[in-house]
Amino acid sequence: MERTACRVIDYTKIVKEERGMNDRIKKLRRQSIEALERISPERAKLLTDFYKNSKESLIPIKRAKAFEYILMNKRISIYDGELIVGERGEEQKATPTYPEITLHRRKDLEALNNRQKVRYSVSQDVFDVYEKEIIPFWEGKTVREMIFKEVPQRWKDAFEAGVFTEFMEQRAPGHTVLDGKIYKKGMLDFIKEINSEIEKLDFEHDSEAFDKKEELEAMKITANALIKFANRYAKLAKEMASKERDSKRKKELLKISEICSWVPAHAPRTFHEALQYYWFVHIGVITELNGWDAFSPGKLDKHLFPFYKKDIEEGRLTKDGAKELLECLWIKFHNHPAPPKVGVTAEESSTYTDFAQINIGGIKEDGTDNVNELSYLLLDVVEEMRLVQPNASIHVSKKNPDKFIKRALEIIKTGFGQPSVFNSDAVVMELLRQGKTLEDARCGGTSGCVESGAFGKENYTLTGYFNIPKILEITLFNGKDPLTGKQIGLKTGIFEDFETFDEFMEAFKKQLKYFIDIKIEGNLIIERIYAKHMPAPFLSILIDDCIKKGKDYYSGGARYNSSYIQGVGTGTITDSLSAIKQTVFEEKRIGKKELLDMLSKNFEGYELKRQFLINKTHKYGNDDDYADSLMKEVFEEFFKNIDGRPTYKGGQFRINMLPTTVHVYFGSKIGATPDGRKAFEPISEGISPVQGMDRKGPTAVLKSAAKMDHIKTGGTLLNLKFTPDLLKDEKGLNAVVKLIRTYFKLDGHHIQFNVVSADTLRDAKKHPEKYGDLIVRVAGYSDYFCHLNEKLQDEIIKRTEHESF
Amino acid sequence: MKGLVFDIKRYSIHDGPGLRTTVFFKGCPLKCLWCHNPESQKSTKEIMYHAEECIFCLTCKSVCTKSAIGVEKDRIKIDLKTCDLCGECTTNCPTNALEMVGKFYEPEELKDEVLKDRDFFGNDGGITISGGEPLMQFDFLMKLLALLKEEQVNIALDTTGFTDTDKLLSTLPYVDIYLYDIKHMDSKIHKKYTGVENDKILSNLIELDRNGSRISIRFPLIPSINDDEENIKKTAEFVSKLNNIESVDILPYHSMMEDKYRKLEKPFLLKHIGKPTKKRIEYVKKQFEQFGLKVNIGG
């Protein structure tokens, strides 16, 4: 199969521009970039073999033993020069599928193999394994099939109409991040804790004691499995060392062997052990299930600093040595593309990146400045590695120095979209509002795109995107989806009959609530399916208080449990409501019937009116209260209908405002909108204004965005595109520092900068061969520009360039 | 009392220290041929025509009550004699091809508008009042200055200096820093290119300096008009004798505003002049620095 031109040249260019601090890193990085993303049948095959032969009837134990079986039987290797070892697949970028969740049938594999962008190659023998062994066994048994069997028709109608998406139909709930516990405890320590909880079980008085025992036993199996898995590497390294002629490499291999026989069984003693331990844990989590957003180590600078300091003081490590190990870890992340998605889910999140996020800076549990020497070293690594994953973010608290922000801006300026910038103080307030303790809140940060969570203590699950502008369309057409003619919503009234804008808003709010209820109903069904059928005992070891409660991560074992619904289309919904209010109800420039007619006809014959709607109505993103107050009203309504509602696992539903790339898919499901947007065009992304509608510069955008109460969310996403010249001198840098500081003072959650000129992007679209390594910020993550589909490319080009005045 | 403003720019980092909001007053006693904002000169509203945005829907023509709008070849033509600037055409133009330049504000209203970004100003940023010549709307300016002073924001006044000395000095209690233009040291040449002589401008500058206010000199560098050795030397000499000069900001000439002249149907007379070379800018910078002055390029 031919690869896309863009990708091939991408390689040659990157090979030419080798990056890395030394030959070892350059080589490993090049190998990682050159490795082909491909489907690995190994996990699916081992899992199928296990399930065929296992007589185990207790679900958690069966899941644990399956985990053990995979880790004990998968192929392992150590590549030349590697210092950190361990792969999920049988080699770099060999990506497994998870047939217990989603079964990839022949047509899905073909689609992965044939698609132009974000392709996963599938070889003939892989097709054969799936057709002969995997598909026949899993057909009818997957979580995905269970979900579609259980959800009601109204849910399916809304889902098909593009009102919302559902994360868990193809990937397990994940979105969680590790805290500092593995740096203090080995798996043997966790096993001790598990044993002591088993001993404490009261089978005579606690009706759940048997369930707890099963779960705890399952956790124990997985903890032991990870130790054994590491021992396989220890053995392999030793064998390789005995055959190695190069004395330097021989020493390294012996060291790897020693490290792998110490961690994860025991708590790490050195910087190197700490990194290797994390990496084994990472492999464990992403092998157990295909949770969204892989897994993340969280605040690496905080966790690793004590090891770094001690090793340097005791002469075991140099600054360069630490950097080399970190770069090795970076390459490991890069070796692991996201598990392949299919259908709508592939469209909404079309990328190889698996959203592992490294948090740098911010504050410590005691509220003090967490920026240390290692924070700057991590930024050096980000700059030098220039890889799409892991995704690095800086966390800015009022307690952090400007110097830290400026260092990050120097990297942002190079136009590769990393690091993104978060408001550490707002994250703490968000988590406190949700009822977390101060220490747990301060221990939190962000993962995935922009999602806040209490690291190591929370199951925070993103459940799906919610298409707010679609609700407006359904309201305008009295509950009908004009694209299909199907009555999917409530009959809230014929548009021509509304006498005031407020009456119309009431109808909109009724529809909004109706569809939120449907979404939540589906979520409850899905959470129950995961809790009953798909426990994750290994992940449960890592998140407090699963061991203490004897409960699985998916059944409410975590200390905090939050299920998020992501609101999408802030700009489009605001501008559309604003246009209706102004032109239809106030100025009466456009008749009600006329509005519906122009929307139905996609503005054909109405170009003048469309121009008026685009150019002469109040728009979000300009610090204009007329529009911004409508944004607030919609936001508050979305919040009110979701926040605090109970989830299946004993937690609460929450909101956040981010799109990944779903605004393109959602746009394709909506006809023309009253803001002048033509049918099927993308809607606005994140909480950014409609592309090109912010006309008063970045401060006005930030002021508009900050009118949303970010503290009531678990994350918002704001994109600002800058041309490089805006950051070229000290004055420019200082001004951007001020933008960040002020936005954060106003409680803004996150801001990301795309630093590139529109002309460059246009040229890149025309000549992908010239821009193979052009990385842009998409939405909460970065990707290669030439991997994006044309619509996304256009949209990134269109996003306003804020020129210096 | 109302003041006429032609623009408000936020996130302005080249009009004084820090991050600022700049408000541009309409009306100027000078008519510099290189003026970057030709719409700043007239003391009344004006209509600007962006031909590239025009889709010839002729909505303007149909809403004009004075029949002042006609079509000439491939563009809209407004008869300035009959047009009463009522604004119907600009309000209804669906693509903003016709733009009304100039908006009247009450002092309070303008204060609220320019303070929208106050959270961003920090310790060094603030408001810059520019023009045109702000002092041409003296009473309005004084009202605005008083209101802004109450809000304790940093105020920069960007002035041509061509004004009554008393008026200029009465802004002293309010203004934190003056951005003061020097265009040419030779009065005759000054008059040739700006329409006025420079005596008053220079004497006002001396007076302002004597009162101890902070001043940044703004020097537009225009090839073949004021970039000759003699003028640079004279300017530097003059400025170096003052006591309170923070910096000299060299503003290299560019012709990106040529379009605006066309849109206002004003003649643009500097077609033959290009922008100064980087080398030349650096050279001029050095010349000023030789007199012990701190020099910025681009403000």
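Bear in mind these aren't lab numbers, they're just calculated from the coordinates by the rules spelled out. On a predicted model such as this, the values are computed, not experimentally measured, just so you know. No Cβ is skipped: glycine too gets one built from the backbone with ideal geometry, and neighbour counts run over all protein chains shown.
Charging the Cβ of each Asp and Glu at -1 and of each Lys and Arg at +1, and nothing else, the dipole of region B:46-101 about its Cα centre rounds to 220 debye.
Filter A:Lys619/B:Lys111; A:Lys406/A:Lys436; A:Lys156/A:Lys791 down to the pairs with a C-alpha to C-alpha distance above 25 Å, please. Long pairs (Cα-Cα over 25 Å): A:Lys406/A:Lys436; A:Lys156/A:Lys791.
Rounded to the nearest 500, the helix-only mean residue ellipticity at 222 nm of chain A stands at -15000 deg cm²/dmol, with each DSSP H run of n ≥ 4 adding -39,500 (n - 2.57).
For the pair B:Arg118 and B:Ile206, a Förster radius of 35 Å applied to the C-beta separation gives a FRET efficiency near 0.55, rounded to the nearest 0.05.
Modelled this way, with points 7 Å down the Cα-to-C-beta line, the labels at B:Asp79 and B:Asn243 are 6.1 nm from one another.
Here's the picture: charge each Lys and Arg Cβ at +1 and each Asp and Glu Cβ at -1 in region B:46-101, and of B:Cys93, B:Phe56, B:Ser67 the one pushed furthest to the positive end of that dipole is B:Ser67.
Ranking A:Ser57, A:Gly81, A:Gln611 by Cα position along the charge dipole of chain A, where only Lys, Arg, Asp and Glu carry charges on their C-beta atoms, puts A:Gly81 farthest toward the positive end. Largest GNM mean-square fluctuation across B:Phe162, B:Phe120, B:Phe24, computed for chain B with C-alpha springs under 10 Å, falls on B:Phe120.
Calculated FRET efficiency, B:Tyr283 to B:Ser187, Cβ-Cβ distance, R0 = 35 Å: about 0.90 to the nearest 0.05.
When you filter the GluC sites (Glu not before Pro) in region B:56-158 for DSSP loop state and at most 16 other Cβ atoms inside 10 Å of their Cβ, you are left with B:Glu151. Put simply, the C-alpha atoms of region B:46-101 give a gyration tensor, and the ellipsoid matching it has half-axes of 15, 12, 11 Å, longest first. Ranked by how many other Cβ atoms sit within 10 Å of their own Cβ, fewest first, the residues A:Leu746, A:Leu188, A:Leu512 fall in the order A:Leu188, A:Leu746, A:Leu512.
Reported to the nearest whole Å, the Cα centre-to-centre distance from region B:32-70 to region A:482-513 is 42.
Judged by the ratio a/c of the largest to the smallest principal axis of the C-alpha gyration tensor, region A:110-191 counts as oblate, that ratio being 1.5 or greater while a/b is no larger than b/c. Volume per residue for chain B equals 141 cubic angstrom (convex hull of Cα atoms).
Annotation note: trypsin sites (Lys or Arg not before Pro) in region B:1-103 located in DSSP loop regions with a Cβ neighbour count of at most 11 within 10 Å are B:Lys73, B:Lys81. Kirkwood analysis of the Cα pair distances in region A:574-645 returns a hydrodynamic radius of 13.3 Å.
If R0 equals 45 Å, the separation of the Cβ atoms of B:Cys86 and A:Gln153 corresponds to a calculated FRET efficiency of about 0.20.
Calculated on the alpha-carbon coordinates, the convex hull of region A:674-759 measures out at 115 cubic angstrom per residue. Which pairs break 31 Å Cα to Cα here: A:Lys678/A:Lys731; B:Lys61/B:Lys275; A:Lys413/B:Lys233; A:Lys632/B:Lys9; A:Lys55/A:Lys549; A:Lys309/A:Lys457? Over 31 Å Cα-Cα: A:Lys678/A:Lys731; B:Lys61/B:Lys275; A:Lys413/B:Lys233. Enumerate the whole-percent occupancy of each 10 Å bin, from 0 to the last occupied one, for all C-alpha pair distances of region B:81-149. Binned Cα distances yield the sequence 16, 36, 31, 16, 2. Here region B:1-64 is treated as a sphere whose radius is the Kirkwood value from Cα pairs; by Stokes-Einstein at 10 °C and 1.306 mPa s it diffuses with a coefficient of 109 µm²/s.
Ranked by Cβ crowding within 10 angstrom, fewest neighbours first, how are A:Arg63, A:Arg154 ordered?
A:Arg154, A:Arg63
Taking every Cα-Cα distance in region A:242-300 and sorting them into 10 Å bins starting at zero, the pair-distance distribution P(r) comes out as 21, 39, 30, 10, 1 percent. Counting only aspartates and glutamates at least 8 places from A:Lys548 when in the same chain, those with an alpha carbon closer than 16 Å to its own are A:Asp189, A:Glu193, A:Glu197, A:Glu199, A:Asp202, A:Asp206, A:Glu208, A:Asp211, A:Glu214, A:Glu215, A:Glu217, A:Glu458. Computed over the alpha-carbon atoms, region A:350-437 gives an Rg to Rh ratio of 1.00, Rh here being the Kirkwood radius from the mean inverse distance. Per q in 0.05, 0.09 1/Å, what log10 I(q)/I(0) does a Debye calculation on the alpha-carbon atoms of the protein assembly as shown return? Result of the Debye calculation: -0.38, -1.08.
When only Cα pairs under 8 Å and 6 or more residues apart are kept, what is the percent relative contact order across chain A? Taking the mean separation of contacting Cα pairs over the length of chain A, I get 15 percent.
Cross-link pairs exceeding 23 Å in C-alpha to C-alpha distance, out of A:Lys149/A:Lys341; A:Lys93/A:Lys341; B:Lys42/B:Lys294, comprise B:Lys42/B:Lys294. Think of chain A as having a plus end and a minus end, set by charges on the Cβ of Lys, Arg, Asp and Glu; of A:Pro698, A:Leu483, A:Pro152, A:Pro698 sits farthest toward the positive end of this dipole.
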